[in-house]
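What follows is calculated from the coordinates using simple rules that are stated; it is not laboratory data. Computed from a predicted model, the values in this text were never measured in an experiment. Positions of Cβ are backbone-derived with ideal geometry, glycine not excepted, and every protein chain shown enters the neighbour counts.
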Amino acid sequence: MRDKFRGKDFLSLMDFTREEINDILNVSYELKMKWARRELHEYLRGKTVAVIFEKPSTRTRTSFQAAIAHLGAQSFYMRPDEMQLARGEPIKDTARVIDRYCDALVMRTFGQDRLEEFARYMKNPVINALSDLTHPCQGLADLLTIREKKGDFKGLKLVYAGDIWNVCHSLMIAGGTMGFDVYVAVPEGYAPNPKIHQFAMEAAKRSRTKIVLTKDLKEALKDADVVYANTWHSMGAAEKEKEKRAKDFGPYQINGKVVEEAKPDFIFMHCLPGYRGEEMTDEIIEGPHSVVWDQAENRMHTEKAVLALFVG
Ligand code: CP
Ligand code: NVA
């Protein structure tokens, strides 16, 4: 089972079947247990991994670099503003050179096309650490967290409220592929990427689940098992529209009142960073339903599995 991932890129959850994602989640859990027992798991000893982040990060960068260290490999953080890429060196040249020194590239960037270009020119795996389009590493950690807290994906209803962007897209793909309902609360004037939407709808048809876009948060939250919030202003262009977005997304805040519609044992998730008083209240993120710290921890375990399987 494990050889089938070796050398592949990890750019989007759309590239993997339900069985493959389950395999990655199983390895994530095994590695999580080893880490809990402080058992050595240096499956990448002697390997090198380049890490480039063109946007800020706390969780993804730290969890990747910790995971790489636990796996016995060496990571090189390359600041984009200190690379020749910033002075106009083409991606295809940068990619071929990194490929000669490093066994993998972990990269956070803007367009998914930048990652795809790196992947085209590198033989070694390229791992998407977030693009405008998708955040598959977040998606994997979310799946592991849901599976741990709820036991199974079957019959679950996840409600998403926040920017219709990378994290929303990865959850739509994950729901359709793994087989749980995803309700996305979408304010007027916002919509998911049509290709992602179509993929998720087709996957949901196969798994006999639902992907629903609705303007009605209250209706969406009815009997929800998982309530997922995300910022209203993602990194990049949206940051310049903070005021407009505060108005548009204001009615979509997750607070103590609206979650009364959800199941009594719902879990609250957030990819973080979170903005209290905007997409959710302090009482929700700090409350008894919140699993956000376990979710953040799972970033490291799932990324470790991707590294071990794809680079090992
Ligand atoms: N959730 C997430 O990707 O967080 P960072 O931006 O801190 O990496
Ligand atoms: N949608 C957010 C996720 C941050 C992890 C963003 O892109 O800023």
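When the square roots of the Cα gyration tensor eigenvalues are ordered a ≥ b ≥ c, the ratio a/c for region 30-76 is 1.5 or more and a/b does not exceed b/c, which makes its shape oblate.
Working note: Debye formula, equal point scatterers on the alpha-carbon atoms of region 85-142, no solvent; log10 I(q)/I(0) at q = 0.21, 0.25, 0.26, 0.30 Å⁻¹ is -0.78, -1.02, -1.07, -1.25.
Straight Cα distances below 15 angstrom link Lys263 to the aspartates and glutamates Asp181, Glu219, Asp223, Asp225, with same-chain residues fewer than 8 positions distant left out. Percent of C-alpha pairs per 10 Å bin in region 67-114, short distances first: 20, 56, 22, 2. Ranked by the mean number of other Cβ atoms within 10 Å per residue, highest first, peptides 138-144, 282-288, 99-105, 87-93 order as 138-144, 99-105, 282-288, 87-93. Using the empirical formula 2.2 N^0.38 Å as the baseline, the Cα radius of gyration of the chain reaches a ratio of 0.97. Taking the longest Cα principal axis of the chain as reference, the axis of helix 59-70 is set at about 40 degrees.
Here's how it looks for Glu279: its modeled amide H is under 5 Å from those of Trp232, which are all 5 or more places away or on a different chain.
Converting the Cα gyration tensor eigenvalues of region 167-234 into ellipsoid dimensions via √(5λ) gives semi-axes, longest first, of 18, 15, 11 Å. Taking every DSSP helix (H) stretch of at least 4 residues in the chain, weighting each as -39,500 (n - 2.57) and dividing the sum by the residue count yields a mean residue ellipticity at 222 nm of -13000 deg cm²/dmol. What percentage of all Cα-Cα pairs in region 145-201 are separated by more than 18 Å? Within region 145-201, distances greater than 18 Å cover 31 percent of Cα pairs. If the Kirkwood radius is taken over C-alpha pairs of region 214-285, then at 20 °C and 1.002 mPa s the Stokes-Einstein diffusion coefficient equals 169 µm²/s. Its Kirkwood hydrodynamic radius, worked out from the mean inverse distance over all distinct Cα pairs, puts region 15-135 at 15.4 Å. Each part reduced to its alpha carbon centroid, region 259-277 and region 1-27 end up 28 Å apart.
For region 153-312, what class follows from the C-alpha gyration tensor (a ≥ b ≥ c being the square roots of its eigenvalues): rounded when a/c is under 1.5, otherwise prolate if a/b is larger than b/c, else oblate?
rounded
Structure remark: mean-square fluctuation, Gaussian network model of the chain, C-alpha springs under 10 Å; the largest value among Leu40, Leu130, Leu217 belongs to Leu40.
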